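Working notes for the structure below.
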Amino acid sequence: VVAKDLEELEAERRRLYEDLSQIGDFQRGTIAENYRRCGKLNCCCGEADHPGHGPQYLLMTKVEGRSRAQNLRAGAELDKTRREVENQRRFRDLVQQIVAVNERICAGRPIEYSAAEIERARLKKKLPRSSRQRRRGKSSA
Ligand SMILES: [Zn+2]
């Protein structure tokens, strides 16, 4: 990774942080669409080809390992919750991208050896490779 790549990675990271700040409200969970049989005698939902009553929308969440289902009314409530759950997916996706770009930045960021470290290494004739390259690059320029 050369300095120019590092700058591009840093710019990419700034873009991702900017996107992150624009996500808006989000919450965990998935939305389930349920059809059910009411169990009443002679109700049409008892017939074999009947899909059951519904759809009923449920926000499924897991809190401390326990599943929870919360009823959502179709319309504004369902739409709002859909957006919030979708934003959570975007949040997770962005965080993964931010982790990935940060790891590439870490891998590409040169080590800043102190003068004392470089001198010690020189005396031991074990100068770290990256600082040797940097020194050679500077002296030839
Ligand atoms: Zn029924």
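Carbon and sulfur atoms: what percent of the 1.4 Å accessible area of the chain do they account for? Walk me through the intermediate numbers first.
Working: 5450 of 11200 Å².
C and S atoms contribute 49 percent here.
Quote the charge dipole size of the chain about the Cα centre in Debye, to the nearest 20; the model charges only the Cβ of Lys and Arg (+1) and of Asp and Glu (-1). The partial results should precede the final answer.
Values: 31 positive and 21 negative charges, 260 e Å.
Charge dipole of the chain: 1240 debye, to the nearest 20.
Amide H of HIS53 versus every other amide H placed in the peptide plane: which residues, excluding those fewer than 5 positions away on the same chain, fall under 5 Å?
ARG36, ARG37, CYS38
Could you sort LYS4, LYS125, LYS80 by accessible area so the largest value comes first, with the probe set to 1.4 Å?
Values: LYS4 130, LYS125 175, LYS80 105 Å².
Result of the area sort, largest leading: LYS125, LYS4, LYS80.
Report the label-to-label distance for GLN22 and VAL99 in nanometres (one decimal), using points 7 Å from each Cα along the Cα→Cβ vector.
Rounded to a tenth, the inter-label distance reads 2.4 nm.
How much mean residue ellipticity at 222 nm does the chain get from its helices, if each DSSP H run of length 4 or more adds -39500 (n - 2.57) and you divide by all residues, to the nearest 500 deg cm²/dmol?
Details: 4 runs with 73 residues, N = 141.
Calculated from helices alone, the mean residue ellipticity at 222 nm is -17500 deg cm²/dmol.
Computed on alpha carbon atoms, what radius of gyration and Dmax characterise the range 1-116, expressed in Å?
Using the Cα atoms of the range 1-116, the pair Rg, Dmax is 23.9, 90 Å.
Send over a whole-number figure in Å² for the accessible area per residue of the chain, probe 1.4 Å. Walk me through the numbers on the way to the answer.
Working: 11200 Å² over 141 residues.
I get 79 Å² per residue for this part.
The values are calculated or read from the model by the stated rules, or taken from the named source; none is laboratory data. Predicted model, so just to flag it, every value in this text is computed and none were measured. With ideal geometry, Cβ positions are generated from the backbone for all residues, glycine too; neighbour counts draw on all protein chains shown. We work out accessible area using only protein heavy atoms, side chains counted, and drop any ligands, DNA or RNA first. Shrake-Rupley method; radii C 1.70, N 1.55, O 1.52, S 1.80 Å.
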